[in-house]
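The values are calculated or read from the model by the stated rules, or taken from the named source; none is laboratory data. In this text, all values refer to a predicted model and were calculated from it rather than measured experimentally. Ideal geometry is used to build each Cβ from the backbone, glycine not excepted, and the neighbour counts take in all protein chains shown. What goes into the accessible areas is simple: the full protein's heavy atoms, side chains included, and nothing from ligands, DNA or RNA. Shrake-Rupley method; radii C 1.70, N 1.55, O 1.52, S 1.80 Å.
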Amino acid sequence: MGRLVTIRTIDWEGSIPGRVRLVDQTALPGEFRILTCESSEDVWKAIRRLSVRGAPAIGVAGALGTMLAIQGADEEELWERLDDAVEYLATARPTAADLFWALDRMRKAGESLRGQPAGEVKEGLLREALSILNEDRARCHAIGRHGSRLLNDGDTVLTHCNAGAFAATEYGTALGVIFRAVEEGKRIKVIAGETRPLLQGTRITAFELKQAGIPVTIICDSAAGGVLQRKMAQAILVGADRIASNGDVANKIGTYTLSVLAREHGVPFYVAAPTSTFDLSLANGAKIPIEERPPEEITHGTEGRLAPEGVSAFNPAFDVTPAGNISAIITERGVIERPDRERIRSHFAEAANPVPPSS
Ligand code: MRU
C-alpha cells in the first residue's frame with residue numbers, strides 16, 4: 001500500500017534557540033509561502049489571522065509559541081514568562097479545544113520541572129512541545145486507519161472547510177480518512193464545500209486533494225442540499241474544533257446545516273477528530289465559545305466592498321452540531337458510533353491505547 005505524501009504544515013527549526021516555521025495558509029493556493037515566527041507574538045498573530053488554522057495545528061502552534069516565549073529567559077524570568085505565554089496564547093482564538101489542551105500540557109510540563117536549572121527546564125519544555133507535534137502526526141494517521149473502513153470503494157464524500165494536512169501537522173483528520181481509504185485502493189471522490197467567507201474548502205482542501213491526485217469538485221456551500229437530493233454523495237465527513245462530553249460538535253460554520261441535510265437524506269454524517277479536541281468539562285455544545293470574526297470578512301471581497309455601506313454582518317466562525325445528528329466520531333482510539341455521553345465516557349475510559357502502532 002503506497003502512502004500518500006501530504007504537506008508538513010508547521011515545524012520547529014533548530015533546537016534552543018529555535019524558530020517556528022509554518023505554511024502561511026492565507027496565501028494559498030496562489031503562493032506556497034513559509035512564515036517564520038521568532039516570538040510568541042508572531043505565533044499569536046499567525047493564529048489570529050489564520051496563517052495557521054485548524055484545531056490540531058493551532059494546538060501545536062500554541063505549544064511551539066510557548067517555547068519561543070521562554071527560550072531566551074534567564075532563571076529569574078523563566079516562570080513568569082511561561083505563565084504569561086500560556087495565558088497570552090490562549091487568547092488567540094476561543095473555539096478550538098486543542099489550543100487550550102496543548103497550552104495546558106506545556107504548563108504542566110513546566111510544573112513537573114520546577115526546581116531544575118533553567119537550561120534543563122527549557123530542554124524539557126522543548127521535548128514536550130515536540131511530543132505534541134509528533135503525537136499529532138501519529139494521531140492523524142491512526143484516525144485515517146480507523147475511519148477508512150467507513151468509506152466504500154466508489155464513494156463520493158462531501159466535506160466542509162479544511163480538515164486536512166494544513167489543519168494539523170500532516171495528513172489531517174477528515175481528509176486523513178480519505179487519504180487512507182485511497183491508499184488502501186478505494187476509489188474515492190470528494191465534493192468540497194467552498195466554506196464562506198474565508199474559502200478554506202476552495203483554497204485549501206481543493207489544493208491538498210489535487211496535490212494527492214484525488215478527484216475533487218468544489219461547490220457553493222448553498223449547493224449542498226441539491227447535491228444530496230441528487231444522491232451525489234454517499235457520506236459527509238468533517239473535522240471538529242471542540243467536542244462536548246455529550247458528543248455535540250463545534251466545527252466550521254455551515255457544518256450544522258450539513259448535518260440536518262444528512263438526516264433528511266439518510267446520508268451518514270461522520271466527524272473525525274483527535275481526543276485532544278474533546279472538552280469533557282462541557283456538558284453540551286451550548287457551552288462552547290463560538291468565535292465571531294470581523295464583519296468585513298463578509299461585507300468585503302478581495303476586490304473591496306460587496307455589501308452596501310452601513311449594512312451590518314453577523315460572522316460566527318463555527319456552529320454546533322448536536323450529537324443526535326452524528327453517525328460516528330472517529331478518533332485515534334477508534335470509532336464512537338452514535339455518540340452520546342455514555343459512549344464517549346467509555347471511549348475515554350478504555351485501557352490506555354492512545355495511538356495504535358503505525359502500519
Ligand atoms: O477557522 P478555521 O479554518 O480554523 O476552522 C477550521 C475548522 O473548522 C476545521 O474543520 C476544524 O478545525 C477541524 S481541523 C482538523
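Given the options ALA57, SER39, CYS220, identify the residue whose Cα lies farthest towards the positive end of the charge dipole of the chain (+1 on Cβ of Lys, Arg; -1 on Cβ of Asp, Glu). Working it through, the farthest residue towards the positive pole turns out to be CYS220. For the stretch 10-140, the dipole from Cβ point charges (+1 on Lys and Arg, -1 on Asp and Glu) about the Cα centre works out to 640 debye, to the nearest 20. Against the chain, whose longest principal axis is taken from its Cα atoms, helix 118-147 shows a tilt of about 10°. Between amide H atoms placed 1.01 Å from N, distances below 5 Å from ILE191 occur with VAL157, LEU158, THR159, THR217, all of them 5 or more places distant or on a separate chain. Where does helix 97-112 land angle-wise versus the long Cα axis of the chain, in degrees 0 to 90, nearest 10? Helix 97-112 sits at roughly 20 degrees to that axis. Relative to the longest principal axis of the Cα atoms of the chain, the long axis of helix 174-183 makes an angle of roughly 70 degrees.
For the pair GLU77 and SER131, label points projected 7 Å from Cα toward Cβ lie 2.7 nm apart. The simple spin-label model puts a point 7 Å past each Cα toward its Cβ; for ALA90 and GLU123 those points are separated by 3.0 nm. Here the Karplus relation 6.51 cos²θ - 1.76 cosθ + 1.60, evaluated at θ = phi - 60°, turns the backbone of the stretch 63-72 into coupling constants of 5, 5, x, 4, 4, 4, 6, 9, 5, x Hz, with x for every Gly and Pro. Surface composition of the chain: carbon plus sulfur atoms hold 51% of the accessible area, using a 1.4 angstrom probe and ignoring ligands, DNA and RNA.
Report the calculated FRET efficiency for ALA223 and SER346 (r = Cβ-Cβ distance, R0 = 30 Å), to the nearest 0.05.
It comes to 0.20.
In a simple Cβ point-charge model (Lys, Arg +1; Asp, Glu -1; nothing else charged), the chain has a dipole of about 1460 debye relative to its Cα centre. A simple rule links phi to the HN-Hα coupling: the Karplus curve 6.51 cos²θ - 1.76 cosθ + 1.60 with θ = phi - 60°, which for the stretch 342-347 gives 5, 5, 5, 4, 6, 4 Hz, with x for Gly and Pro. Only Lys, Arg, Asp and Glu carry charge here, each on its Cβ (+1 for the first two, -1 for the last two); on that basis the stretch 150-349 has a dipole of about 460 debye about its Cα centre.
Sorted on the mean count of surrounding Cβ atoms within 10 Å across their residues, most packed first, peptides 308-316, 36-44, 187-195 read 187-195, 36-44, 308-316. Rolling a 1.4 Å probe over the protein heavy atoms gives the stretch 10-140 an accessible area of 40 Å² per residue. Take each peptide in 171-182, 113-124, 263-274, 16-27, count the other Cβ atoms within 10 Å of every residue, and average; sorted highest first, the result is 171-182, 263-274, 16-27, 113-124.
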